Amino acid sequence: MDKVLIANRGEIALRILRACKELGIATVAVHSTADADAMHVRLADESVCIGPPAARESYLNIPALLAACEITGADAVHPGYGFLSENARFAEILEDHNLVFIGPKPEHIRIMGDKIAAKQTVKRLGIPVVPGSDGGITEDDEALTVAREIGYPVLVKAAAGGGGRGMKVAMTESDLLEALHTARSEAKAAFGDDAVYLEKYLVHPRHIEVQVLGDGQGAAIHLGERDCSLQRRNQKVWEEAPSPALNASEREQIGETVAAAMRGLSYRGAGTVEFLYEEGRFYFIEMNTRIQVEHPVTEMVTGIDLVNEQIRIAGGAKLTIAQEDVVFRGHAIECRVNAEHPETFRPSPGRIAYYHVPGGLGVRVDSAAYQGYTIPPHYDSLIGKLIVHGRNRTECLMRLRRALDEFVVDGIETTLPLFRKLVRNSSIQDGDYDIHWLEKMLAEEA
Ligand code: ADP
């Protein structure tokens with residue numbers, strides 16, 4: 001692999017560019033007209049404009065991306081997260097054009113993209129799942145029967161769901177049919193697929209996910225867990241590793257279960273197996289077949305560069321890290337800094353008038369922002385991730401507190417004030433929070 005085309009934008013485009021540079025691989029940035037002066041475009045060896053601002057016509061435009069590969073002679077494509085990263089068809093088209101897709105095998109992307117198929121597959125491989133319907137639910141009667149068996153509350157979920165969308169809770173039997181019909185029509189509108197299924201609704205779970213790496217040739221390891229329970233509208237806000245809720249034996253057990261399942265699949269590349277965790281038990285919810293936003297948390301506690309590994313594996317290399325080589329050191333926390341009002345969460349695109357990032361031991365900022373940069377209104381509002389590492393959780397929290405105080409972004413609203421509040425909160429300091437904690441705190445403050 002000599003030249004990688006980065007089919008993304010923002011901080012993750014820059015993250016991939018950095019990994020390529022360290023591997024001595026040339027880089028091609030692609031961008032919409034709205035991103036002509038983006039940081040990843042400036043730093044790449046070459047760049048190609050692939051269309052107008054709307055993602056559909058640029059970052060999701062497969063013919064334009066293929067043309068960009070052709071023009072620049074790129075031999076591989078890294079899709080990042082979002083956009084085309086979990087599009088099995090895109091991976092196949094690249095392979096048909098003799099281009100390397102830096103990601104999993106298309107068949108695995110396809111299975112995991114359908115949550116019903118995903119659940120059936122991992123269950124067969126020995127991973128515990130949330131009790132629910134065995135497959136899709138089409139009839140009202142079937143829904144009523146399954147819900148009675150698993151017990152209320154139940155959750156109706158879209159097979160094609162993503163980004164926290166396409167989910168409806170039914171607290172009692174009288175809500176179920178309405179939840180079912182609403183979820184189905186919302187899923188049809190959002191994803192063009194009305195397949196839905198039923199799951200027991202867990203009332204106070206934590207969200208705990210396991211990072212995996214496989215070489216597609218039968219070897220697979222886990223890199224421990226991340227706790228992503230701090231969420232707003234099912235979207236992660238703060239992630240940490242290790243989880244304050246797990247003990248060493250739970251950690252090892254879930255990690256080994258997941259790694260064994262990935263060996264069973266002959267999984268290739270980086271992936272994340274997501275669980276809800278309640279009263280000492282894990283319940284699979286989905287698998288993401290891409291690099292995730294919160295991957296740096298794992299990098300900070302393992303010292304392993306996940307994007308570098310993705311690229312090497314895509315190039316045909318075998319996994320050179322054995323499970324016993326993965327050593328967890330200290331604690332890491334990531335805050336997703338969004339260009340949003342810290343209380344109303346209204347997007348706040350615009351020009352960054354002044355920008356100063358924190359530094360010092362154990363502080364990492366993954367961001368494509370800079371002073372004078374204008375955040376376009378067309379894309380997601382993530383402007384940067386602050387990741388802090390400490391020898392233990394207490395040191396990490398104190399370091400995060402001072403790093404947040406150093407971070408200055410003027411000219412737009414950001415969620416930095418929210419994090420300054422969270423880091424000083426006693427429940428957060430005690431590690432005592434579930435997936436509903438943040439929403440509750442925000443509601444109480446409003
Ligand atoms: P998406 O692909 O839309 O992110 P997920 O299946 O990963 O969907 O679920 C997103 C979030 O929704 C989870 O992190 C959790 O907060 C909540 N959730 C999902 N399934 C359940 C469940 N069975 N019980 C309670 N909460 C759930």
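Among the residues of the stretch 152-193, how many are more than 14 Å from the ligand (Cβ to nearest atom) and either assigned to a loop (DSSP other than H, G, I, E, B) or of a type outside the set (A, V, I, L, M, F, W, C) (or both)?
Residues flagged as more than 14 Å from the ligand (Cβ to nearest atom) and either assigned to a loop (DSSP other than H, G, I, E, B) or of a type outside the set (A, V, I, L, M, F, W, C) (or both) within the stretch 152-193 amount to 11.
For the stretch 219-258, enumerate the residues that are modelled with pLDDT under 95 and on the phi > 0 side of the Ramachandran plot.
Of everything in the stretch 219-258, those that are modelled with pLDDT under 95 and on the phi > 0 side of the Ramachandran plot turn out to be Arg233, Asn234.
Filter the stretch 49-78 for residues that are more than 25 Å from the chain's Cα centre (by Cα) and in contact (Cβ under 8 Å) with a residue 40 or more places away in the chain; which is surrounded by the fewest Cβ atoms within 10 Å (Cβ to Cβ)?
Gly73
Quick check on my filter: what residues within the stretch 113-141 are charged (D, E, K, R), assigned to a helix (DSSP H, G or I) and either within 15 Å of the ligand (Cβ to nearest atom) or under 13 Å from Glu199 (Cα atoms) (or both)?
Hits for the stretch 113-141 are Lys115, Lys119, Lys123.
I'd like to know if the stretch 1-9 contains one or more residues that are over 24 Å from the mean Cα position of the chain (by Cα), more than 22 Å from Glu286 (Cα to Cα) and not in a strand (DSSP E or B). Even if it seems obvious, please write down each step before you answer.
Quick first cut of the stretch 1-9, residues over 24 Å from the mean Cα position of the chain (by Cα) only: 1-3.
Retained after the next criterion (residues that are more than 22 Å from Glu286 (Cα to Cα)): 1-3.
Those left that are additionally not in a strand (DSSP E or B): 1-2.
Yes, that holds for at least one residue.
Given the options Ala322, Ala270, Ala332, name the one that is surrounded by fewer than 24 Cβ atoms within 10 Å (Cβ to Cβ), away from the ligand (no atom under 16 Å from the Cβ) and modelled with pLDDT of 95 or more.
Ala322
Provide a single number: the residues in the stretch 216-229 that are part of a loop (DSSP other than H, G, I, E, B) and either among the aliphatic types (A, V, I, L, M) or within 12 Å of the ligand (Cβ to nearest atom) (or both).
Residues that pass the stated criteria total 1.
State the number of residues belonging to the stretch 274-303 that are more than 11 Å from the ligand (Cβ to nearest atom), more than 20 Å from His78 (Cα to Cα) and either touching a Pro at 6+ places or on another chain (Cβ under 6 Å) or outside any helix (DSSP H, G or I) (or both).
Summing the residues that are more than 11 Å from the ligand (Cβ to nearest atom), more than 20 Å from His78 (Cα to Cα) and either touching a Pro at 6+ places or on another chain (Cβ under 6 Å) or outside any helix (DSSP H, G or I) (or both) in the stretch 274-303 gives 5.
For the list (1) polar (S, T, N, Q); (2) touching a Phe, Trp or Tyr at 6+ places or on another chain (Cβ under 7 Å); (3) outside any loop (DSSP other than H, G, I, E, B), I need the number of the one condition that Gln371 fails.
If we test Gln371 against (1) polar (S, T, N, Q); (2) touching a Phe, Trp or Tyr at 6+ places or on another chain (Cβ under 7 Å); (3) outside any loop (DSSP other than H, G, I, E, B), just (3) comes out false.
Which one is surrounded by the most Cβ atoms within 10 Å (Cβ to Cβ), of the residues in the stretch 203-235 that are closer than 15 Å to Glu286 by Cα and basic (Lys, Arg)?
Among those residues, the one meeting the criterion is Arg226.
Those residues that are more than 16 Å from the chain's Cα centre (by Cα) and either part of a helix (DSSP H, G or I) or hydrophobic (A, V, I, L, M, F, W, C) (or both), I need them from the stretch 79-101; list them, please.
The answer is Ala88, Arg89, Phe90, Ala91, Glu92, Ile93, Leu94, Glu95, Asp96, Leu99, Val100, Phe101.
Given the options Leu246, Leu265, Leu213, name the one that is free of Cβ contacts under 8 Å to residues at least 40 places away in the same chain, away from the ligand (no atom under 16 Å from the Cβ) and in contact with a strand residue (DSSP E or B) (Cβ under 8 Å, 6 or more places away or on another chain).
Leu246
Based on this model, can you work out whether Glu199 counts as more than 12 Å from the ligand (Cβ to nearest atom), surrounded by 18 or more Cβ atoms within 10 Å (Cβ to Cβ), charged (D, E, K, R) and assigned to a strand (DSSP E or B)?
Here the answer is no, as Glu199 does not meet what is asked.
I'd like to check something: does the stretch 281-289 contain any residue that is modelled with pLDDT of 95 or more and surrounded by fewer than 18 Cβ atoms within 10 Å (Cβ to Cβ)?
Yes: one or more hits.
Which of the numbered conditions does Gly255 fail, given that it passes all the others? Conditions: (1) part of a strand (DSSP E or B); (2) more than 16 Å from the ligand (Cβ to nearest atom).
(1)
The values are calculated or read from the model by the stated rules, or taken from the named source; none is laboratory data. Keep in mind that this is a model prediction, so the values were computed, not measured. Every residue, glycine among them, receives a Cβ derived from its backbone with ideal geometry; neighbour counts consider all protein chains shown.
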